[in-house]
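Student: Structure provided below as structure tokens; questions to follow.
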Amino acid sequence: MKKILFPLSCSLYFLLFSFQATAQLKIDKENVKQYGFSQEKLIILDSVMRSYVDNKDFSAIQTAIVKNGKIIHFDNYGYSEISSKKPLDENDIFRIASMTKPIVSVALMMLYEEGKFKLDDPLYKFIPEFKNMTVKKGKKEKPIKNHIKVIDILRHSAGFGFKGPEGYRKSIGMNLEEFVKESIKTPLSYEPGTQWRYSYSTDICGYLVEVLSGLTLDKFLKTRIFDPLKMNDTFFELPKEKINRFTTLYNKEKNGELNVFDSPSESPFTDNVTLFSGAGGLLSTTSDYLIFCQMLLDGGVYNDMRLIKSSTLDLMLEDHADGLKYKGFVFGKKKGFGLGFEVVNKTDTKFGSKGTYGWGGMFGTYYRIDPVENMIFIYMTQSFETYKLKLADKFRDLVYDSILE
């Protein structure tokens, strides 16, 4: 495909403006060596990431690395919309899918700090419908032995399964309360507190935020997280005046063609959104999400403003899945799961330094935060292909390979 990357100095100028307009993250791409990175290796990283676009695995990709609070690397390549050959812009808006989960988990833990609940509290204490749950045992349903606790919905051990895009499309028009109460009419897949199985349980976290705060989830996130951090391009429903910045989501067919799965003009994200999905409903930009990540990396503080205690984040980053049987995703012995994040819990791994954490989204988004390296790295695409291609593994390896020894 024709290369449409803006000249790097121009590209970084616009991104710098975006960050300064939101939360003052600074760009310093001229001195990557002083931050411990090889410029030559970063060029290789760009080349590899762009090759996926040239091979038509997806339409575009945006990558960034933040080191010591400075953006030392940013690359923007491909088309936001293929048929019109509209270039991807630095400020374009992406469906971040499950990268919503860490934000909503932080929101719920803000209420934990206020004494609204304890992690071991039974969920039915706040949502009575959870008191008489059943679990599927073969072809039969039986009453659960273990009541679902709040910690279970944060660490994916509550007994629920996974809902994909089509499952949510069937729920368009519901609000979060209706969605949760309808979903739990189905028997649980396993006994709560015994397995780790990736699920939609962060939707229940979102509903619990509503119950405990008295605010709808969108308003809570806006007032407690997005407005303080000036994350002005993160929301559940795309404002009409920003539709020209909304990327197209593609699905690669068997014939190799990229077909539109969700277009800005017909997207459910643009029309009267009522289901504020805590599991995957947010839209955001690379710059906005980096601000959220920097707040986490700095122990809950951003621009001298504290959103959450560092001790609470430390609690969230413990491996709370230790001892659970894993189903679905298999992390192995070197990674675990905290309260909203995957966490590297061993040294000497290919997954990053011990304590590295983050998550990704099924529409092609991914980030990791490495406290040892004081580093954040992220990419944004809009494609289902990234998991098949193991793009996250490739990107992570290239980032670490770019660090000078």
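Student: What are the pairs, 6+ residues apart or on separate chains, where a residue within the range 130-154 that is at positive phi has its Cβ under 8 Å from a residue that is modelled with pLDDT under 95 and among the charged types (D, E, K, R)?
Tutor: Within 8 Å, no pair qualifies.
Residue by residue, here is whether (1) over 30 Å from VAL301 (Cα atoms); (2) assigned by the TED database to the domain that holds GLU191; (3) β-branched (Val, Ile, Thr); (4) surrounded by 24 or more Cβ atoms within 10 Å (Cβ to Cβ) holds:
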| site | (1), (2), (3), (4) |
| --- | --- |
| GLN62 | no, no, no, yes |
| ILE71 | no, no, yes, no |
| PRO87 | yes, no, no, no |
| ILE93 | no, no, yes, yes |
| GLU113 | no, yes, no, no |
| ASP121 | no, yes, no, no |
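Table: residues versus (1) assigned to a loop (DSSP other than H, G, I, E, B); (2) surrounded by fewer than 22 Cβ atoms within 10 Å (Cβ to Cβ).
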{"residue": "LYS346", "(1), (2)": "yes, yes"}
{"residue": "PHE351", "(1), (2)": "yes, yes"}
{"residue": "LYS354", "(1), (2)": "yes, yes"}
{"residue": "GLY358", "(1), (2)": "no, no"}
{"residue": "ILE369", "(1), (2)": "no, no"}
{"residue": "TYR379", "(1), (2)": "no, no"}
{"residue": "TYR387", "(1), (2)": "no, yes"}
{"residue": "VAL399", "(1), (2)": "no, no"}
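Student: Another question, then. If you go through the range 335-370 one residue at a time, how many are over 15 Å from ILE65 (Cβ atoms) and in contact (Cβ under 8 Å) with a residue 12 or more places away in the chain? Before you say what the answer is, go through the steps one by one.
Tutor: Going residue by residue through the range 335-370, those that are over 15 Å from ILE65 (Cβ atoms) are 335-351, 354-355, 357, 359-365.
Then keep just the ones that are in contact (Cβ under 8 Å) with a residue 12 or more places away in the chain; that gives 335-346, 349-351, 354-355, 357, 359-365.
Number of matching residues: 25.
Student: Return yes or no: is PHE126 crowded, with 22+ Cβ neighbours inside 10 Å, in contact with a Phe, Trp or Tyr (Cβ under 9 Å, 6 or more places away or on another chain) and of a type in the set (A, V, I, L, M, F, W, C)?
Tutor: Working: crowded, with 22+ Cβ neighbours inside 10 Å: no; in contact with a Phe, Trp or Tyr (Cβ under 9 Å, 6 or more places away or on another chain): yes; of a type in the set (A, V, I, L, M, F, W, C): yes.
Answer is no for this residue.
Student: While we're looking at this one, here's another question. Of the residues GLU191, GLU178, which is assigned to a helix (DSSP H, G or I), among the acidic types (Asp, Glu) and over 19 Å from the mean Cα position of the chain (by Cα)?
Tutor: Values: GLU191 fails: assigned to a helix (DSSP H, G or I).
Matching residue, one of GLU191, GLU178: GLU178.
Student: Further, regarding this structure: Mind checking which residues of the range 353-373 are of a type outside the set (Ser, Thr, Tyr) and either over 30 Å from THR247 (Cα atoms) or not assigned by the TED database to the domain that holds ASP393 (or both)?
Tutor: Within the range 353-373, the first condition is being of a type outside the set (Ser, Thr, Tyr), and the residues that meet it are 354-355, 358-364, 368-373.
Listed by number, the residues that qualify are LYS354, GLY355, PRO371, VAL372, GLU373.
Student: Continuing with the same structure: Let me spell it out: the conditions are (1) at pLDDT 95 or above; (2) assigned to a loop (DSSP other than H, G, I, E, B); (3) surrounded by fewer than 15 Cβ atoms within 10 Å (Cβ to Cβ), and ASN255 meets all of them except one. Which number is the exception?
Tutor: Every listed condition holds for ASN255 apart from (1).
Student: Do you know which residues across the range 195-230 are at pLDDT 95 or above and either among the aromatic types (Phe, Trp, Tyr) or over 18 Å from LEU108 (Cα atoms) (or both)?
Tutor: Matches in the range 195-230: TYR207, PHE220, PHE226, LYS230.
Student: To continue, here is another question. Looking at SER51, SER47, SER80, which is the one that is of a type in the set (S, T, N, Q), at pLDDT 95 or above, crowded, with 20+ Cβ neighbours inside 10 Å and within 27 Å of MET362 (Cα to Cα)?
Tutor: On the way: SER51 fails: crowded, with 20+ Cβ neighbours inside 10 Å; SER47 fails: crowded, with 20+ Cβ neighbours inside 10 Å.
Just one listed residue meets the conditions, SER80.
Student: Identify the residue in the range 227-250 that is among the hydrophobic types (A, V, I, L, M, F, W, C) and free of Cβ contacts under 8 Å to residues at least 60 places away in the same chain and, among all such residues, is surrounded by the fewest Cβ atoms within 10 Å (Cβ to Cβ). Talk me through it step by step, then tell me what you get.
Tutor: Within the range 227-250, the subset among the hydrophobic types (A, V, I, L, M, F, W, C) is 229, 231, 235-236, 238, 243, 246, 249.
After this cut, where a residue has to be free of Cβ contacts under 8 Å to residues at least 60 places away in the same chain as well, the list is 235-236, 243.
Details: PHE235: 22, PHE236: 20, ILE243: 14.
For the range 227-250, the residue satisfying everything is ILE243.
Student: So how many residues does the range 29-78 have that are under 29 Å from TYR250 (Cα atoms), charged (D, E, K, R) and not in a loop (DSSP other than H, G, I, E, B)? Can you show your working first?
Tutor: Going residue by residue through the range 29-78, those that are under 29 Å from TYR250 (Cα atoms) are 42-66, 71, 73-78.
Those still in the list that are charged (D, E, K, R) too: 46, 50, 54, 56-57, 75.
Still in the running and not in a loop (DSSP other than H, G, I, E, B): 46, 50, 54, 75.
Residues flagged as under 29 Å from TYR250 (Cα atoms), charged (D, E, K, R) and not in a loop (DSSP other than H, G, I, E, B) within the range 29-78 amount to 4.
Student: Now, a different point. Find the residue count for the range 194-226, including only residues that are surrounded by fewer than 20 Cβ atoms within 10 Å (Cβ to Cβ), touching a strand residue (DSSP E or B) at 6+ places or on another chain (Cβ under 9 Å) and not in a helix (DSSP H, G or I).
Tutor: Residues of the range 194-226 that are surrounded by fewer than 20 Cβ atoms within 10 Å (Cβ to Cβ), as a first pass: 194-195, 198, 211-216, 219, 222-224.
The next check asks that each one be touching a strand residue (DSSP E or B) at 6+ places or on another chain (Cβ under 9 Å); those that pass are 194-195, 198, 222.
Those left that are additionally not in a helix (DSSP H, G or I): 194-195, 198.
Residues in the range 194-226 being surrounded by fewer than 20 Cβ atoms within 10 Å (Cβ to Cβ), touching a strand residue (DSSP E or B) at 6+ places or on another chain (Cβ under 9 Å) and not in a helix (DSSP H, G or I): 3 in total.
Student: Could I ask something else about it? Given ASP233, ASP298, ASP304, ASP288, which one is closer than 30 Å to MET110 by Cα, at pLDDT 95 or above and over 17 Å from the mean Cα position of the chain (by Cα)? Spell out the reasoning first.
Tutor: On the way: ASP233 fails: over 17 Å from the mean Cα position of the chain (by Cα); ASP304 fails: at pLDDT 95 or above; ASP288 fails: over 17 Å from the mean Cα position of the chain (by Cα).
Among ASP233, ASP298, ASP304, ASP288, only ASP298 is closer than 30 Å to MET110 by Cα, at pLDDT 95 or above and over 17 Å from the mean Cα position of the chain (by Cα).
Student: Would you be able to say whether some residue in the range 145-161 is farther than 29 Å from TYR357 by Cα and buried (at least 19 other Cβ atoms within 10 Å of the Cβ)?
Tutor: No, because not a single residue in the range 145-161 is farther than 29 Å from TYR357 by Cα and buried (at least 19 other Cβ atoms within 10 Å of the Cβ).
Student: Now, a different point. Being of a type outside the set (Phe, Trp, Tyr), modelled with pLDDT of 90 or more and within 13 Å of the chain's Cα centre (by Cα) is true for just one of GLY355, GLY340. Which residue is that? Spell out how you get there, then give the answer.
Tutor: Details: GLY355 fails: within 13 Å of the chain's Cα centre (by Cα).
After applying the criteria, what remains is GLY340.
Student: Then there is this: Taking the range 179-216, which residues are without any contact (Cβ under 8 Å) to a residue 24 or more places away in the chain and more than 28 Å from LYS325 (Cα to Cα)?
Tutor: Taking the range 179-216 and keeping what is without any contact (Cβ under 8 Å) to a residue 24 or more places away in the chain, we get 182-183, 185-186, 214-215.
Once the filter is applied, which keeps residues that are without any contact (Cβ under 8 Å) to a residue 24 or more places away in the chain and more than 28 Å from LYS325 (Cα to Cα), the range 179-216 yields GLY214, LEU215.
The values are calculated or read from the model by the stated rules, or taken from the named source; none is laboratory data. Remember, predicted model here, so these are calculated numbers, not experimental data. Heads up, the Cβs are rebuilt from the backbone with ideal geometry, glycines too, and the neighbour counts pull from every protein chain shown.
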